[in-house]
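Undergrad: First the structure, then my questions, so here it is.
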Amino acid sequence: MILETFPVGPLQCNCTVLGDEATGEAIVIDPGDEITRIHNRLTALGLRLKQILITHAHIDHVGGALRLKRLTGAPILLNENDLPLLQMMGAQAAWLGVAPPETAPPDESLTDGQQVGLEAYPAQILHTPGHTQGSVCLHFIPLKMVIAGDTLFAGSIGRTDLPGGNFDQIIDSIEARLLPLPDDTKVIPGHGPATTIGAERRANPFLRNNAH
Ligand SMILES: [Zn+2]
């Protein structure tokens, strides 16, 4: 297994490359920026991209997806509830003071319970609205790993003050969908260091019902 997570772009979004040497297939999650670097890494590893998976349609997570699709032919998957945000890419770029990236509608929606990823390393989609309405987490059950986008961070949660954000909803999503996972489940957030479900259940100050 090849698993590499590295921050890309001015907001340092964690982009993840997961590959299977046996089949030569890979997926990329949240290619927000630095597409040449990501593509070069895939080439160096000899991996063929199968899917481009987007946790939500904020510019720092989705900004490079179309460029990566054009370089590799891989489809883009994004929950349909974030289409309004995708269509606001001009406004999102203006918030950051950067040029808007070209975008296109996703090839497929990511829906709750859907299985994506590689045959050897499948992921189940957890729809976790709150940071945005189309936010999803990817639960790689055999790997005991969650890619959480901007829903859950080490010691924090995603902001809910942008269009489509809802504080009560993100708390509900985390408590109903993420905290029930096993304590030793590794969490790779959309920004910052990795954590575990157990550590966040015990110590995340935003999770009100964490004292059992
Ligand atoms: Zn975000």
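Undergrad: In the range 36-54, which residue that is surrounded by 24 or more Cβ atoms within 10 Å (Cβ to Cβ) and touching a helix residue (DSSP H, G or I) at 6+ places or on another chain (Cβ under 6 Å) is nearest to residue 158 (Cα to Cα)?
TA: The selected residue is 54.
Undergrad: Now a separate question. Quick check on residue 57: is it within 14 Å of the ligand (Cβ to nearest atom) and touching a residue at least 40 places away in the same chain (Cβ under 8 Å)? Before the answer, list the steps.
TA: Details: within 14 Å of the ligand (Cβ to nearest atom): yes; touching a residue at least 40 places away in the same chain (Cβ under 8 Å): yes.
So residue 57 passes the test.
Undergrad: Given the structure, is residue 110 within 27 Å of residue 129 (Cβ to Cβ), buried (at least 22 other Cβ atoms within 10 Å of the Cβ) and in contact (Cβ under 8 Å) with a residue 24 or more places away in the chain? I'd like the intermediate steps shown before the answer.
TA: Working: within 27 Å of residue 129 (Cβ to Cβ): yes; buried (at least 22 other Cβ atoms within 10 Å of the Cβ): yes; in contact (Cβ under 8 Å) with a residue 24 or more places away in the chain: yes.
Here the answer is yes, as residue 110 does meet what is asked.
Undergrad: Further, regarding this structure: How many of the residues in the range 120-150 are within 15 Å of the ligand (Cβ to nearest atom) and without any contact (Cβ under 8 Å) to a residue 40 or more places away in the chain?
TA: So the answer is 0.
Undergrad: Might you check whether a residue that is more than 16 Å from the ligand (Cβ to nearest atom), among the hydroxyl-bearing types (Ser, Thr, Tyr), touching a helix residue (DSSP H, G or I) at 6+ places or on another chain (Cβ under 9 Å) and at pLDDT 95 or above occurs anywhere in the range 160-168?
TA: Taking every residue of the range 160-168 in turn, none turns out to be more than 16 Å from the ligand (Cβ to nearest atom), among the hydroxyl-bearing types (Ser, Thr, Tyr), touching a helix residue (DSSP H, G or I) at 6+ places or on another chain (Cβ under 9 Å) and at pLDDT 95 or above.
Per-residue answers, yes or no, for (1) within 24 Å of residue 8 (Cα to Cα); (2) modelled with pLDDT under 95; (3) crowded, with 22+ Cβ neighbours inside 10 Å:
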| position | (1), (2), (3) |
| --- | --- |
| 118 | yes, no, no |
| 135 | yes, no, yes |
| 147 | yes, no, yes |
| 170 | no, no, yes |
| 184 | no, no, no |
| 187 | yes, no, yes |
| 193 | yes, no, no |
| 196 | yes, no, no |
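The values are calculated or read from the model by the stated rules, or taken from the named source; none is laboratory data. Small disclaimer: the values here were computed from a predicted structure and weren't measured. Glycine also receives a Cβ, built like all others from the backbone with ideal geometry; neighbour counts cover every protein chain displayed.
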